[in-house]
1. Of all the helices (runs of 4 or more DSSP H) wholly in the stretch 240-338, which have at least 3 residues that are without any contact (Cβ under 8 Å) to a residue 40 or more places away in the chain and of a type outside the set (Gly, Ala, Ser)?
2. Within the stretch 268-299, which residues are at pLDDT 95 or above and of a type in the set (D, E, K, R)?
3. Name the residue, out of PRO213, PRO199, that is buried (at least 24 other Cβ atoms within 10 Å of the Cβ) and assigned to a loop (DSSP other than H, G, I, E, B).
4. Can you name the helices (runs of 4 or more DSSP H) wholly within the stretch 100-171 that have at least 2 residues being hydroxyl-bearing (Ser, Thr, Tyr) and more than 17 Å from ASP234 (Cα to Cα)?
5. Within the stretch 186-195, does at least one residue satisfy the condition of being within 16 Å of the ligand (Cβ to nearest atom), within 27 Å of THR334 (Cβ to Cβ) and of a type outside the set (Asp, Glu)?
6. Only residues that are more than 12 Å from ALA73 (Cα to Cα) and not charged (D, E, K, R): list them for the stretch 44-55, please.
7. Take the stretch 203-225 and flag every residue that is hydrophobic (A, V, I, L, M, F, W, C) and within 16 Å of the ligand (Cβ to nearest atom).
8. Which of (1) surrounded by fewer than 21 Cβ atoms within 10 Å (Cβ to Cβ); (2) within 16 Å of the ligand (Cβ to nearest atom) does SER285 not meet, given it meets every other one?
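The values are calculated or read from the model by the stated rules, or taken from the named source; none is laboratory data. Predicted model, so just to flag it, every value in this text is computed and none were measured. Don't worry about glycine lacking a Cβ; one is built from the backbone with ideal geometry, like all the others, and counts go over all protein chains shown.
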Amino acid sequence: MQRRRLAVATVAAAGSLALPLGVRAAAAGGSGRRNGHHRSADAGRAYGRRPDVLQAAQDFAQQLGLDLGWIEATLAQARHVAAVAQLIMPPATASAKNWAAYRARFVETRRVDAGAQWWRDNASWLDSAQERFGVPAEIVVGIVGVETFYGRITGGFRVLDALATLTFDFPRGRSDRSPFFRSELAEFLRLAQREGWDPQALKGSFAGAIGLPQFMPSSITNYAIDFDDDGRIDLLTSSADVAGSVAHFLAEHGWRRAMPTHYDVQPPDDIVERATLLVPDIVPSFTPAQMAARGARLDDAAQQHEGALALIELRNADDPPSYVAGTQNFYALTRYNASSYYAMAVIELGRAVAAAR
Ligand SMILES: [Ca+2]
C-alpha cells in the first residue's frame with residue numbers, strides 16, 4: 001500500500017482497520033474478523049460505459065501509455081461489489097484494544113504448525129533472503145502467517161472489482177480514500193499488462209491486496225522481487241518470490257541486520273513520566289539512558305542498545321497493559337501495517353514457529 005508514501009504512525013486498534021497502512025490497504029485475510037469470508041463476494045452490476053469510468057480509462061491510458069481500448073474493455077467488465085464497500089467502513093462499534101485476545105488469534109497451534117511446514121518447505125529461500133536483506137526467516141514467516149495463514153486465506157474478491165468499487169463508489173461516511181485506490185487501480189492495470197495477468201481472474205482481499213504477503217499493486221511495483229529468477233514476480237505461488245519480496249520490503253523500510261525488534265521493559269511508575277514516553281507512540285524517540293532517566297527499567301541488553309527506543313503499550317482490555325521497548329526494527333514492521341499489535345503478533349508468531357520447527 002504505498003506509492004513509497006509511508007503510512008502515518010497511528011496505532012490501529014487490534015483487529016480494526018487503519019488504512020491505508022503499510023504494504024497492504026487494510027486488514028488482510030489472516031486478520032480474521034474483517035476478511036470478508038463471511039460476506040458475499042458476489043459482484044453486482046458491471047461498470048460498463050459509465051462516464052466517470054470512461055474518463056478514468058482515458059486518464060489511465062495517457063498516464064500509463066497503455067491501449068485505451070484495452071483499458072476501456074477491462075474497466076467495463078469490472079463489477080461493483082457491495083461487500084467491498086461495506087468492509088472498507090470502520091466497525092460499527094469500536095472494540096476494546098486487547099493484546100491478549102489479538103495474540104491468541106494468530107499464535108495458535110494450527111497456524112504455528114502450518115508455519116513450521118512452510119518454513120521447512122522454503123528454508124533455502126528464507127535463508128537466502130536473510131543473507132541478502134538481513135531480515136531473519138522467523139520475521140518473514142511471522143508476516144506470511146499473520147497475513148494469510150501461509151496462503152490459506154488470500155482473499156476471495158476479484159482485485160479488479162475491489163479496486164474499481166473503491167475507486168468509483170467509495171462509500172460516504174468515512175474519509176474518502178478513493179484517490180489512493182484509483183492510483184492502485186491504475187497500477188494494477190499496468191502490472192496486468194507487464195506481467196501478463198488476466199485482470200478478470202486475479203483474486204485478493206476486499207481492498208485489492210494480493211498473494212501470500214498481501215501486497216497492494218503499488219507495493220508489488222516498488223518492492224516485490226523475482227527472487228527465484230524465473231522472469232516473473234509471482235506472489236501467489238512462488239514462495240521464493242514471497243520470501244524475497246517481504247524481506248526486501250522491510251529492508252527498504254529501515255530494517256537493520258542483527259538488531260533485535262524489542263526489549264523487555266518495566267514502564268515508569270510515575271504516570272506523567274509514562275505518558276511522556278508514550279507520546280511518540282511507535283516511533284523510536286528515546287535513548288536507553290533517556291528512558292531510564294524517566295523511570296523505565298531496562299535490562300542490560302536494552303541499556304546497551306545503540307539507537308533510539310519506543311515505549312510500546314499493548315492494552316489488554318480491563319487487565320494491565322503489556323509493555324515492550326521497540327527498536328527501529330519494530331518500527332520497520334509497522335510500515336507493513338501501522339499497528340503495534342500487528343508487529344508484536346508477527347514477532348511472536350515467528351518466534352513460536354521457530355521453536356516448533
Ligand atoms: Ca519468480
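1. Working: elements: 271-278, 288-293, 300-303, 328-333.
Hits in the stretch 240-338: 271-278, 288-293.
2. Of all residues in the stretch 268-299, those at pLDDT 95 or above come to 268-298.
Matches in the stretch 268-299: ASP269, ASP270, GLU273, ARG274, ASP281, ARG294, ARG297.
3. Numbers: PRO199 fails: buried (at least 24 other Cβ atoms within 10 Å of the Cβ).
Exactly one of PRO213, PRO199 is buried (at least 24 other Cβ atoms within 10 Å of the Cβ) and assigned to a loop (DSSP other than H, G, I, E, B), namely PRO213.
4. Numbers: elements: 109-121, 123-133, 137-148, 159-168.
Correct list: 123-133, 159-168.
5. Within the stretch 186-195, the subset within 16 Å of the ligand (Cβ to nearest atom) is 191, 194-195.
Restricting the remaining residues to those that are within 27 Å of THR334 (Cβ to Cβ) gives 191.
This time we only want the ones that are of a type outside the set (Asp, Glu), so: 191.
Checked against the condition, which is being within 16 Å of the ligand (Cβ to nearest atom), within 27 Å of THR334 (Cβ to Cβ) and of a type outside the set (Asp, Glu), the stretch 186-195 yields at least one hit.
6. GLY44, PRO51, GLN55
7. Our first condition is that a residue be hydrophobic (A, V, I, L, M, F, W, C); within the stretch 203-225, this holds for 206-207, 209-210, 212, 215-216, 220, 224-225.
Passing the criteria: ILE210, LEU212, PHE215, ILE220, ALA224, ILE225.
8. Against the list (1) surrounded by fewer than 21 Cβ atoms within 10 Å (Cβ to Cβ); (2) within 16 Å of the ligand (Cβ to nearest atom), SER285 comes up short only on (2).
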